[in-house]
1. With segment B:178-251 as the region, which helices (runs of 4 or more DSSP H) entirely inside it contain at least 2 residues that are in contact (Cβ under 8 Å) with a residue 40 or more places away in the chain?
2. Please enumerate the residues belonging to segment A:118-146 that are farther than 13 Å from residue B:11 by Cβ, free of Cβ contacts under 8 Å to residues at least 24 places away in the same chain and of a type in the set (A, V, I, L, M, F, W, C).
3. Counting just the residues of segment B:54-78 that are among the polar types (S, T, N, Q) and closer than 18 Å to residue B:17 by Cβ, which one comes out farthest from the other protein chains (Cβ to nearest Cβ)?
4. Being open to solvent by less than 40 Å² (accessible area, probe 1.4 Å), outside any helix (DSSP H, G or I) and not polar (S, T, N, Q) is the filter; apply it to segment A:80-123 and report the residue that is nearest to residue B:322 (Cα to Cα).
5. Can you spot a residue in segment B:245-263 that is buried (at least 24 other Cβ atoms within 10 Å of the Cβ), of a type in the set (S, T, N, Q) and under 20 Å from the mean Cα position of the chain (by Cα)?
6. Specify the residue that is farthest from residue B:62 (Cα to Cα); the eligible residues are those in segment B:12-27 that are among the aliphatic types (A, V, I, L, M) and assigned to a helix (DSSP H, G or I).
7. Which residue pairs have Cβ atoms closer than 6 Å, lie 6 or more positions apart in sequence or on different chains, and pair a first residue in segment B:21-45 that is at the interface with chain A (Cβ under 7 Å from one of its Cβ atoms) with a second residue that is of a type in the set (Ser, Thr, Tyr) and outside any loop (DSSP other than H, G, I, E, B)?
Amino acid sequence: MADPTIVRAQDGSTPLLALRDVTLAFGPKVIQQKLSFDVNRGSIFAVMGGSGCGKSTVLKSMIGLLRPGEGQFLVEGEDYWADTEQRRIEIGRGRFGVLFQNSALWSALTVGENVALPMQMFTKLDDVEIRRLSLLKLALVGMEHAYDQLPAELSGGMRKRAGLARALALDPDILFFDEPSAGLDPITSSRLDDLIVNLRDGLGATVVIVSHELPSLFAIADDGVFLSATSKTSIAHGSPVFLRDYCSDPVVQDFMQRRHGNEDGSGRGQLR
Amino acid sequence: MLVVKGSWLGRLGGLPEFRSDDLGDFGGPFGFDTRDLGRWDTGLVAFLWDAIRAATRSGLKIDRSSLPDAIRKLLDLLPDEIAEPPKPKRSVFRPFYWLGGKVIDALTEVGALSDLTVQMSGGGVRAVLGRAMLRPVDLFSNTRSAGPSALTIVSVVNFLVGAILAFVGAVQLRRFAADIFVADLVGLAVVREMAAVMTGIIMAGRTGGAYASRIATMRGNEELDALAVVGIPVSDYLILPSVLALVITMPVLYLYGCLLGILGGFLVAISMLNITALGYYQQTLGAVPFDQFAFGFVKTLAFGLMIGLVSCRIGLLAGRSAADVGIAATRAVVAGIVGVIAMDAIFAVLADVVGV
């Protein structure tokens, strides 16, 4: 149960994040169209779909890297892309924490400096306080021992966790994860899942996660949307477990059951 | 009992730090009272973590049950003790070790460069025999980006250098009524030195930097490892076409640079001085014998070989991060420019000995 005291400006009626009829395109090439979904406060929301369906592109439009061709992205009812750039940066800095697919640690800085940099730039804290807080954030993800190491010296899983610590640097209340378990072994990946749930509960944050790793999705996500590469929009809404057990759409079923089928859903070479 | 009240927002700063001696001689079980806690963030967690670690060190029993759920979950993620990071070793400056290290580094570098040259020459020989893993496509694209794409900058620089030489010469020579000797000055200076050195510097900056950063990036992406696993020698596949491209284009660009330099000097001379175009032309022909061109030609071959090898070597040595790619490019350009000038000086001395 999230502590209500650290959730900002609570209003039960509006969802924390919402996409309304969003169309994303690169030039004439449409990635997703008429896409709508709500992300509720405190949830772990999964954006699912096969490779190349535009999951990461949808995430890009939510963290301010790609302006949608049409439609709105609402942050607590505020139309994010209609805001001035100044305001968008303010929202992003104050509320968003992003873990990129390849961790995107700044390679010239040590792990500690990676976490400390946003605090140095955007808070008035002194060096001692910044060091304490960045050490705490690294300790939260179990990486306090790597404070003085360079990203190049770390393994993939450690880099992911360090990237997560950096995403937490400014105490965001909305965390975006792009393929957090990609390239991790099952044990590391399940530890990362636990960590994400614990951080969500502890920090009272909301998590948007882009992934196609089924075990992780079933384990942590409590809501979600399924994107299709063929119809170029969402074809199902709900948590991964719900979609697996109750969704009748053959594409969703194939994905959730991890098989490649034809129209009748049976198909060759089933993996059960 | 540790009582925390009010607002605890670490991002606003000014939060206290819990030190070991704050614990005093407190002996009982260590508990928390958070009834009057207001808004909080990870700043509070940092403080509580300090307190818990201090209490653990003093061997106190810690009772977390009265803490809010969220805070307890975060504290559960944190270790009860952290190892102090090892103090960096203070190194003593020992001049002989330092000097010896530098000498060994330099010799190693000479060795590595020679090794690379040998490998690449082997690739060259195999290429002539038709057995090298050198794709004509790579050689062609490298040659195109080193040569034709550099024509503009080579033209502009050499034309202006020729014009400047003529200008400087004209002002001086006019005083002795030796106007016509501007043609000798421009012709000799351009053909013997300026066109070769200028083209060398341009190629070091333009192509050498590009080679170093390309190979360094490939190293960072494990592309070189992939080549090694399939058994494609880097020296044949990457370095040979790069170096060959420079060796092929440099002399051609040099001849083109000579032409443009003399043209620049010609335009300035006939517009400033009392010389006819035909007179300038005849004077230039007489002043610059063929062996001067041959001398410049040989020099630029050597420059091309050196720039290509050195910049590829620097790229192969680079680290794997973004900053390392930048460092490699910088080093390649610096080494290339210094190398061109130094080799030019050596050639000047040699030419004097041989009498060219």
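The values are calculated or read from the model by the stated rules, or taken from the named source; none is laboratory data. For clarity, every value in this text was computed on a predicted model and none was experimentally measured. Note that each Cβ is placed from the backbone with ideal geometry, even for glycine, and that neighbours are counted across all protein chains shown. These accessible areas exclude ligands, DNA and RNA; they are computed on the full protein's heavy atoms, side chains included. Shrake-Rupley method; radii C 1.70, N 1.55, O 1.52, S 1.80 Å.
1. Working: elements: B:182-189, B:195-203, B:209-220, B:223-230.
Those helices (runs of 4 or more DSSP H) span B:182-189, B:195-203, B:209-220.
2. A:128, A:135, A:139
3. Here is the first cut: in segment B:54-78, the residues among the polar types (S, T, N, Q) are B:56, B:58, B:65-66.
Next, from what is left, pick out any that are closer than 18 Å to residue B:17 by Cβ: B:56, B:58.
Working: B:56: 14, B:58: 20 Å.
Top of the filtered list is B:58.
4. Across segment A:80-123, the extreme among qualifying residues is A:105.
5. Taking every residue of segment B:245-263 in turn, none turns out to be buried (at least 24 other Cβ atoms within 10 Å of the Cβ), of a type in the set (S, T, N, Q) and under 20 Å from the mean Cα position of the chain (by Cα).
6. So the first thing to find is which residues in segment B:12-27 are among the aliphatic types (A, V, I, L, M), and the list is B:12, B:15, B:23.
Narrowing the set further to residues that are assigned to a helix (DSSP H, G or I) leaves B:12, B:23.
Working: B:12: 29, B:23: 13 Å.
Restricting to residues being among the aliphatic types (A, V, I, L, M) and assigned to a helix (DSSP H, G or I), the top hit is B:12.
7. B:38/B:7; B:39/A:5; B:39/B:7
Let's see how each residue does on (1) in contact with a Cys (Cβ under 6 Å, 6 or more places away or on another chain); (2) among the charged types (D, E, K, R); (3) surrounded by fewer than 21 Cβ atoms within 10 Å (Cβ to Cβ):
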| position | (1), (2), (3) |
| --- | --- |
| B:136 | no, no, yes |
| B:156 | no, no, yes |
| B:171 | no, no, yes |
| B:192 | no, yes, no |
| B:209 | no, no, no |
| B:223 | no, yes, yes |
| B:232 | no, no, yes |
